[in-house]
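Let me begin by presenting the structure, written as structure tokens, before commenting on it.
The values are calculated or read from the model by the stated rules, or taken from the named source; none is laboratory data. Please read all numbers here as calculations on a predicted model, not as lab measurements. Here the Cβ positions follow ideal geometry from the backbone for every residue, glycine too, while neighbour counts run over all protein chains shown.
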Amino acid sequence: MERPLKVVIAGEKRVGKSTLVHRFIHNQFPLRGLRSTVGFDFTIKTITLEDGATTVIHLFDFGGEPGYKKIFPQYASDSDGLILAFDPSREETLDALHDWINVYDQRVRKKESVNFLVSTKADLGISTSPLKINEFRNKYPIAEYFKTSALTGENTQRVFQRMAVIIQQSRKK
Ligand SMILES: Nc1nc2c(ncn2[C@@H]2O[C@H](COP(=O)(O)OP(=O)(O)OP(=O)(O)O)[C@@H](O)[C@H]2O)c(=O)[nH]1
Ligand SMILES: [Mg+2]
């Protein structure tokens, strides 16, 4: 069997990482809200791709507490994919992603991982300036950018589907 795809999700506290994962796994918005993640949560999910093939994803959802940046590289260093999440209603959470990337540094810069930039909470109707997004994308090798909402389900399956497809393509090279 094919090696599972290891995907890591990072970003500041309360941007909605765990809620995005919850929506992806259970197809539901957690009504009571989730607790802040302590360390990281690990989830395994089998997904079916558009061509009917199945693949297993191992998801590591990191808590955004600054102290976790120390443990992040140790667990993230051999991952295939990185999802960088920010909350458009708090633009500083986009700026803070530079820090998360710096911790993850080598794999991103050497293009050893497939990196996505993901904004959350699209249902709030606050968008980030395309200029800022482009600036970020020019600085780092970001394969794709998605606007998501765990509340409405917008793009929540698509992010993970695309991640799986692109990782598989990069493995075949
Ligand atoms: N309106 C709206 N709120 C959201 C959405 N996703 C998450 N939230 C809210 O944002 C808050 C934080 O969500 P979490 O998923 O716990 O955030 P996190 O990034 O995992 O936070 P840490 O584990 O502390 O790093 C919660 O109150 C969620 O209900 C969304 O798509 N829309
Ligand atoms: Mg969390």
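Things to note:
- Test: residue in segment 122-142 that is among the β-branched types (Val, Ile, Thr) and touching a Gly at 6+ places or on another chain (Cβ under 8 Å): no
- Any hit, segment 76-95, residues being surrounded by fewer than 13 Cβ atoms within 10 Å (Cβ to Cβ) and within 15 Å of ligand 2 (Cβ to nearest atom): no
- Among all residues of segment 20-27, there is at least one that is surrounded by fewer than 22 Cβ atoms within 10 Å (Cβ to Cβ) and within 9 Å of ligand 1 (Cβ to nearest atom).
- Within segment 120-140, being surrounded by 13 or more Cβ atoms within 10 Å (Cβ to Cβ) and either more than 16 Å from ligand 2 (Cβ to nearest atom) or at pLDDT below 95 (or both) holds for 122, 123, 126, 128, 132, 133, 136, 137, 140.
- Residues of segment 53-83 that turn out to be β-branched (Val, Ile, Thr) and in a loop (DSSP other than H, G, I, E, B), as a count: 1
Listed here are the residues, each with its yes/no results for (1) within 19 Å of residue 59 (Cα to Cα); (2) part of a loop (DSSP other than H, G, I, E, B); (3) of a type in the set (Phe, Trp, Tyr).
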residue: 98; (1), (2), (3): no, no, no
residue: 101; (1), (2), (3): yes, no, no
residue: 123; (1), (2), (3): no, no, no
residue: 141; (1), (2), (3): no, yes, no
residue: 149; (1), (2), (3): yes, yes, no
residue: 160; (1), (2), (3): yes, no, yes
residue: 163; (1), (2), (3): yes, no, no
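- Of all the residues in segment 46-75, those that are of a type outside the set (D, E, K, R), surrounded by fewer than 16 Cβ atoms within 10 Å (Cβ to Cβ) and within 16 Å of ligand 2 (Cβ to nearest atom) number 3.
- Answer from 36, 18 - the residue that is within 16 Å of ligand 2 (Cβ to nearest atom) and part of a helix (DSSP H, G or I): 18
- Answer residue from segment 3-19, given it is out of contact with any helix residue (DSSP H, G or I) (no Cβ under 8 Å at 6 or more places or on another chain) and under 21 Å from residue 88 (Cα atoms) and is surrounded by the most Cβ atoms within 10 Å (Cβ to Cβ) among those: 17
- Beta carbons closer than 6 Å, at least 6 apart along the sequence or on distinct chains, pair a first residue in segment 24-47 that is under 10 Å from residue 150 (Cβ atoms) with a second that is within 13 Å of ligand 2 (Cβ to nearest atom) and part of a loop (DSSP other than H, G, I, E, B) for 29/150.
- Members of segment 1-19 found to be on the phi < 0 side of the Ramachandran plot and either among the β-branched types (Val, Ile, Thr) or within 9 Å of the chain's Cα centre (by Cα) (or both), listed by number: 7, 8, 9, 10, 15, 17, 19
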